[in-house]
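The values are calculated or read from the model by the stated rules, or taken from the named source; none is laboratory data. All values derive from a computational prediction rather than experimental measurement. Every residue, glycine among them, receives a Cβ derived from its backbone with ideal geometry; neighbour counts consider all protein chains shown.
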Amino acid sequence: MSERVRIIGGGLTGILAAFEAHRLGWRDITIQERFEALGGVARPRLRHGKEMRDGCIYFGGPDSQGRGDPIVEMLTAHGASFETFDNRFGSVSLGADGHRVFTWDFGGPAVDCAVTRIGRPAGDSLASRIAAYPAPIAAQLEAYCRWHLETDLETVHGEAAIPLAINRVFPAAADLNDLARLKATNPWADELYAIPRGLSGRTANLTATLPVGGFSALFDACHRALLTLGVKVELNALVSPRALLAAPQAHETLVWAANPTPLFKPLGLATPNLLKKSFATYVFEVDFDGPCPVYVQNFTAQGAAFRVYLYESGGQKLAVAECVREADLARLPTEMRVLMSGFGSLKVGALLHTDVQPRWIYHTQAAIDGLKALRGELAARFGASFIPGAWEPYAKAAKLAEVNAALLAAREGAPALAPMVAKAG
């Protein structure tokens, strides 16, 4: 059993790993974060007391049994404060004649298709997953993915459907009773099809939670809680993967909660080809007469914005437009108003913030294969003393469960559990 835990990366995964390590009995715990504050990519920039968020990040609300989001429960136990809100969202898709279709309380694409037969993908690629749908659905999904990613969909892993928000599709022209029976009797159809919440009578996801005071306040509270527990937090800490892997410390469990790409070369592995795609975000002051927070996904494959997310910060309603490319600022406010027009009246004010950053949430097939090889090499060399930071799953809860299981295995000296890959849905 190791005496120390060192965590590389002070984002949400690293913070949660530190809390769990302390719960399991470790007392010599260090977080090393390369930036000047904890939070990683989820920590927003502040402008005049307002958070410039780059996208839509929520935590779950209570489920039908009254159980809360496990991340919220863990952070609340360490002094963080959350507030619950009505979870409102929607999507805009294209109808059969090209008109826009607005769907409340469903964040995926709605396609005018009455056919619901479904096949099994011929492979693991996103292209194979899309081809499992009837032709009218497959055509719209392919157009959307090519607009969003601008790459060969055969090279993208099928699990990218989850961050793309196309893991479930509503065949809007289908008979709802027939669709419900199909979902109840065919697990694969249940994974690929959905019925919007308002049409199905489901009560899941009616509420969600956000940190009181915003994400900066959340991560500052986590920092204070970690220090109270005796966790050492080293900021502006640059860690050399080569030096760390060449001379691992005895009696130390290492959690790599950062980007795994720098680990390949020191282990003699080829770095896999990644999906090199940058997205632009624009934050505006807005007035809106609909619900807030709220987000709308754009599946029309038209314009620049694939999502508009409204939230409050610093006493002001703000909207972030997440775009597949740099947008024409003369046209973007109109595009945002059109996307929100099915849900409320949006008035777009001053532009507060612009950012262009790559996103590494869409895995290529090569990346999934490479991460598998990387995990194998790390396990062979270091056993349970090296814990990968749940690199593959997109869902936050899946990441937490995987890292927690590996920490428990390291604490008990047992073989680590196999990595969890989040399933669609």
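List of remarks:
- Residue, farthest from residue 366 (Cα to Cα), within region 116-143, restricted to residues that are among the hydroxyl-bearing types (Ser, Thr, Tyr) and not in a helix (DSSP H, G or I): 116
- Filtered residues of region 185-229 (kept if of a type in the set (Val, Ile, Thr) and in a helix (DSSP H, G or I)): 185, 228
- Whichever residue in region 21-68 is free of Cβ contacts under 8 Å to residues at least 24 places away in the same chain and either touching an Asp or Glu at 6+ places or on another chain (Cβ under 6 Å) or among the basic types (Lys, Arg) (or both) and, among such residues, is surrounded by the most Cβ atoms within 10 Å (Cβ to Cβ): 23
Yes/no per residue for (1) in the same structural domain as residue 301 (by TED's automatic domain parsing); (2) part of a strand (DSSP E or B); (3) of a type in the set (Lys, Arg):
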residue: 19; (1), (2), (3): no, no, no
residue: 23; (1), (2), (3): no, no, yes
residue: 35; (1), (2), (3): no, no, no
residue: 51; (1), (2), (3): no, yes, no
residue: 72; (1), (2), (3): no, no, no
residue: 75; (1), (2), (3): no, no, no
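- The condition of being more than 24 Å from residue 337 (Cα to Cα) and crowded, with 20+ Cβ neighbours inside 10 Å holds for only one of 141, 126, that being 126.
- Qualifying residue in region 365-380 (condition: of a type outside the set (Lys, Arg), assigned by TED's automatic domain parsing to the domain that holds residue 9, surrounded by 20 or more Cβ atoms within 10 Å (Cβ to Cβ) and in a loop (DSSP other than H, G, I, E, B)): no
- Filter result for residue 179 (among the aliphatic types (A, V, I, L, M) and either outside any loop (DSSP other than H, G, I, E, B) or over 25 Å from residue 370 (Cβ atoms) (or both)): yes
- Residues that are assigned to a strand (DSSP E or B), touching a Pro at 6+ places or on another chain (Cβ under 9 Å) and not hydroxyl-bearing (Ser, Thr, Tyr) within region 102-111 comprise 104, 110, 111, listed in sequence order.
- Selection over region 210-250 of residues that are more than 24 Å from residue 26 (Cα to Cα) and among the aromatic types (Phe, Trp, Tyr) gives a count of 1.
- The one condition in (1) more than 30 Å from residue 26 (Cα to Cα); (2) in contact with a strand residue (DSSP E or B) (Cβ under 6 Å, 6 or more places away or on another chain); (3) touching a residue at least 24 places away in the same chain (Cβ under 8 Å) that residue 270 fails to fulfil: (2)
- For region 82-104, the count of residues that are within 25 Å of residue 157 (Cβ to Cβ), β-branched (Val, Ile, Thr) and under 24 Å from the mean Cα position of the chain (by Cα) is zero.
For every residue, the table says whether it meets (1) among the polar types (S, T, N, Q); (2) over 24 Å from residue 296 (Cβ atoms).
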| site | (1), (2) |
| --- | --- |
| 107 | no, no |
| 115 | no, yes |
| 135 | no, yes |
| 144 | no, no |
| 147 | no, no |
| 151 | yes, yes |
| 157 | no, yes |
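- Residue ID - surrounded by the most Cβ atoms within 10 Å (Cβ to Cβ), chosen from residues in region 251-290 that are assigned to a strand (DSSP E or B) and small (Gly, Ala, Ser): 280
- Residues in region 144-156 that are assigned to a helix (DSSP H, G or I) and either in contact with a strand residue (DSSP E or B) (Cβ under 9 Å, 6 or more places away or on another chain) or modelled with pLDDT under 95 (or both): 144, 145, 147, 148, 149, 153, 154, 155.
- Residue count for region 105-117 under the criterion of being more than 20 Å from the chain's Cα centre (by Cα) and either buried (at least 18 other Cβ atoms within 10 Å of the Cβ) or at positive phi (or both): the result is 5.
- Residues (within 22 Å of the chain's Cα centre (by Cα) and surrounded by 17 or more Cβ atoms within 10 Å (Cβ to Cβ)) located in region 69-81: 69, 71, 72, 74, 75, 80
- Hits in region 223-266 (condition: of a type in the set (A, V, I, L, M) and more than 28 Å from the chain's Cα centre (by Cα)): 229, 243, 244, 245, 246, 247, 250
- Number of residues in region 174-185 that are surrounded by 15 or more Cβ atoms within 10 Å (Cβ to Cβ) and either at positive phi or more than 27 Å from the chain's Cα centre (by Cα) (or both): the value is 4.
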